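Enquirer: Sending over a structure as structure tokens; questions will come in a sec.
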Amino acid sequence: MPELPEVETVRRSLEPIVVGRTIIDLDVGSFASVLGTISFDHARAALVGRRLTGIRRRGKFLLIDLDDESGIEVHLRMTGQLEVADRGAPPLRFQHLAILLNNGLDLRFADQRKFGRVIIHDGDPALALKSKLGPEPLETDFTSSYFQGVLRGRTAAIKSLLLDQRLVAGIGNIYADEALFLARIHPQRPGGSLAAVEVDALVSAMRDVLGSAIDQRGTTFRSYRDGTGQAGENQHRLNVYGRGRRGEPCFRCGTPLAYLVIGQRTSHFCPECQPLEIESR
Ligand SMILES: [Zn+2]
């Protein structure tokens, strides 16, 4: 499932190819709900003739800005892919939408599971996300003191809190597990029980795992590709995600890794490096 590094990689790969181009037509397949509640005719009227002025990312969402101050919000969700291809190239597998550009390329949206959406907004698409998304770990305003304030008094598991997009935007199951491992924090610890030094470690671990995953152009297990169809490389760098279920040894201490289901999500961790019971300080 694409998280912040994957969506950012899609954004970076598309930006030089699509920004400045004009939309000449739309093509929608049999799954019309890809456009949410608006009709194909409405979408076509809104988009044809518009020039793409920018492509931004907020949390796990892509935002395409148009020259009339409107925009498009793209949710990749579980298996969504947004890719450019030559107009004559065969459609992607599970392709639901093509935005035809004036440089002979199509911006195509494919999605096997059909949870993804391409939503057209009359105004700035970022406004719709404002109340749903908290700050992002790679932004300067995401400080340890901000995050300490967020966690104070919380009894929910830290793993679940990291996945709450209103508190931290952009983190999903892979990077939550990886950050908790680096910070040596058990995923079931109540958020409010973390000491200041642990919150510091977790904030810097989130930055490390997200930053290096962007450098590796994202994690590809199955469907994730960047905007030109290339797989990422970060799957070779994971310390715990996916390895806990197989009981593979911790790279740090050699102990077999473990997993637990927390809030319906599988959490991979090292029982030795990430103890649940912390000796009293
Ligand atoms: Zn370990």
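Enquirer: Considering only region 41-75, state which residues are open to solvent by 70 Å² or more (accessible area, probe 1.4 Å) and hydrophobic (A, V, I, L, M, F, W, C).
Expert: Scanning region 41-75 gives a single hit, ALA45.
Enquirer: A further question follows. Out of all the residues in region 173-184, is one or more open to solvent by 40 Å² or more (accessible area, probe 1.4 Å) and of a type in the set (Ser, Thr, Tyr)? So that I can check it myself, show each step before the final result.
Expert: Step one: list which residues in region 173-184 are open to solvent by 40 Å² or more (accessible area, probe 1.4 Å), which gives 182, 184.
Applying the additional criterion that residues be of a type in the set (Ser, Thr, Tyr) yields none.
Looking for residues that are open to solvent by 40 Å² or more (accessible area, probe 1.4 Å) and of a type in the set (Ser, Thr, Tyr), one finds none in region 173-184, hence no.
Enquirer: Output yes when any residue across region 115-130 is free of Cβ contacts under 8 Å to residues at least 24 places away in the same chain, closer than 22 Å to ALA169 by Cβ and in a loop (DSSP other than H, G, I, E, B), and no when none is.
Expert: Yes; the residues of region 115-130 include at least one that is free of Cβ contacts under 8 Å to residues at least 24 places away in the same chain, closer than 22 Å to ALA169 by Cβ and in a loop (DSSP other than H, G, I, E, B).
Enquirer: Name the residues in region 186-216 that are touching a helix residue (DSSP H, G or I) at 6+ places or on another chain (Cβ under 9 Å) and not in a helix (DSSP H, G or I), would you?
Expert: Those that are touching a helix residue (DSSP H, G or I) at 6+ places or on another chain (Cβ under 9 Å) and not in a helix (DSSP H, G or I): HIS186, PRO187, GLN188, ARG189, PRO190, LEU194, GLN216.
Enquirer: Would you point out the residue of region 224-239, among those that are part of a loop (DSSP other than H, G, I, E, B) and surrounded by 18 or more Cβ atoms within 10 Å (Cβ to Cβ), that is nearest to the ligand (Cβ to nearest atom)?
Expert: Here the residue is ASN239.
Enquirer: Counting only residues that are aliphatic (A, V, I, L, M) and within 17 Å of SER204 (Cβ to Cβ), which one in region 131-160 is most open to solvent (accessible area, probe 1.4 Å)?
Expert: It comes out as LEU138.
Enquirer: Continuing with the same structure: Say whether the condition of being open to solvent by 10 Å² or more (accessible area, probe 1.4 Å), in contact (Cβ under 8 Å) with a residue 12 or more places away in the chain and over 26 Å from VAL10 (Cα atoms) is met by at least one residue in region 201-217.
Expert: yes
Enquirer: Follow-up. I'm checking my understanding of the structure. Among residues of region 240-281 that are open to solvent by less than 20 Å² (accessible area, probe 1.4 Å) and outside any loop (DSSP other than H, G, I, E, B), which one is nearest to the ligand (Cβ to nearest atom)?
Expert: PHE269
Enquirer: Considering only residues that are within 16 Å of the chain's Cα centre (by Cα) and surrounded by fewer than 19 Cβ atoms within 10 Å (Cβ to Cβ), look in region 76-112 and name the one that is nearest to SER30 (Cα to Cα).
Expert: THR79
Enquirer: Report whether or not ILE214 is away from the ligand (no atom under 14 Å from the Cβ) and touching a Pro at 6+ places or on another chain (Cβ under 7 Å). Talk me through it step by step, then tell me what you get.
Expert: Values: away from the ligand (no atom under 14 Å from the Cβ): yes; touching a Pro at 6+ places or on another chain (Cβ under 7 Å): yes.
Yes; evaluated as a whole, the condition is true for this residue.
Enquirer: Select from region 36-62 the residues that are in contact with a strand residue (DSSP E or B) (Cβ under 7 Å, 6 or more places away or on another chain), part of a loop (DSSP other than H, G, I, E, B) and in contact (Cβ under 8 Å) with a residue 40 or more places away in the chain and list them in ascending order.
Expert: GLY36, ILE38
The values are calculated or read from the model by the stated rules, or taken from the named source; none is laboratory data. On a predicted model such as this, the values are computed, not experimentally measured, just so you know. Here Cβ is always computed from backbone atoms with ideal geometry, including for glycine, and neighbour counts include all displayed protein chains. Just the protein is used for accessible areas: all its heavy atoms, side chains included, with ligands, DNA and RNA removed. Shrake-Rupley method; radii C 1.70, N 1.55, O 1.52, S 1.80 Å.
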